[in-house]
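A.B. asks: Have a look at this one before I ask anything.
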Amino acid sequence: MSSRESVVNSYSMGIFKASNWKKEGAGLLVAAKALRQQWLSNREAVVKVITERSPRSSEVFTKDTALARSSMLLLGYSVEMFLKGGVVKLYSYGPEEVVKRLMRKLGHDYEGMAKRLRIELEPDQFKQLNGLSQSIVDDARYPATPSLDKDFFEQTNKITQYNHRQPNFERLVGLVERIRDFVQKIDSDSSNPTSSQHHWTDWGYVVARRGGHLPSTIVFRHEDQLKKSDLRRTIEAVVTLSAELDCYQIYQDRGIGKSRRCQPWSLHE
């Protein structure tokens, strides 16, 4: 990596600035709640049509489906923005090109991002995150996809129930707000200060961070597949680690061009 390569830092803009992701997430959360309120108001008209046998209006039923799906879709995008804001923080001082590729790879993998950030969630909450991810990928975005091993109408009804159940929506809002609050604390809590070191060499670079409500992380570039003892020696030659190497989650930046990847590095003796 050249020392002239752009890195993620406080001067970064666009997708490389965590606050931009958080701002987008906040706006989408507000929009999701607003659409849900419209849906609740429209539900009164739906009930009236059904119970009082009022003149049927196709618009009332169209809005019932559209507002429910759209509010769920926006909620899913909202949590994605917050999670990716956290990921940008996790990889501060890493190359922008690496972070951009990582964002694309993570896509809508909300559970993967939450675990990478070490957000403490219950098993049911990870299940809820996966539900939101599924909404973004398919259920609240496209018509239901027929499957040979599933009854299509049962599948469609299940999606409709998921989108329409208000208690489900409210639980998901609570989950999104919990993740939002976690991300807002990153590098902003004086009781949990951040320590970050970054150094470039003739063989690559090392970025090490600890604290700030994120897991201790090392990102490095070296074309060789180093053993644990060699990696420790190589890293400690350029940065001072505040804990044992085993305490860090480690990622190696390898390859060039389209084959460039930043992947978890396994500890090998």
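The values are calculated or read from the model by the stated rules, or taken from the named source; none is laboratory data. Keep in mind that what you see is a predicted model, and the values were worked out from it rather than measured. Here the Cβ is made from the backbone with ideal geometry for all residues, glycine too, and neighbour counts use every protein chain on show.
A.B. asks: Looking at (1) in the same structural domain as M113 (by TED's automatic domain parsing); (2) assigned to a loop (DSSP other than H, G, I, E, B); (3) among the hydrophobic types (A, V, I, L, M, F, W, C), can you tell me which one I179 breaks?
C.D. replies: Just one mismatch for I179, condition (2).
A.B. asks: Kindly check whether there is at least one residue in region 240-249 that is more than 18 Å from G86 (Cα to Cα), modelled with pLDDT under 90, outside the structural domain of M81 (by TED's automatic domain parsing) and assigned to a strand (DSSP E or B).
C.D. replies: Looking through region 240-249, none of the residues is more than 18 Å from G86 (Cα to Cα), modelled with pLDDT under 90, outside the structural domain of M81 (by TED's automatic domain parsing) and assigned to a strand (DSSP E or B).
A.B. asks: List, please: which pairs have Cβ atoms under 6 Å, are six or more places apart or on different chains, and start with a residue in region 212-234 that is more than 22 Å from V99 (Cα to Cα) and end with one that is surrounded by fewer than 16 Cβ atoms within 10 Å (Cβ to Cβ) and modelled with pLDDT under 90?
C.D. replies: Every condition considered, the pairs that remain are K227/H268; K228/L267; K228/H268; K228/E269.
A.B. asks: Yes or no: region 205-213 includes at least one residue that is modelled with pLDDT under 90, part of a loop (DSSP other than H, G, I, E, B) and not assigned by TED's automatic domain parsing to the domain that holds R101.
C.D. replies: To start, the set of residues in region 205-213 that are modelled with pLDDT under 90 comprises none.
No, the conditions are met nowhere in region 205-213.
A.B. asks: List the number of the failed condition for D230; all other conditions in (1) exposed (fewer than 15 other Cβ atoms within 10 Å of the Cβ); (2) over 28 Å from the mean Cα position of the chain (by Cα); (3) in a loop (DSSP other than H, G, I, E, B) hold.
C.D. replies: (3)
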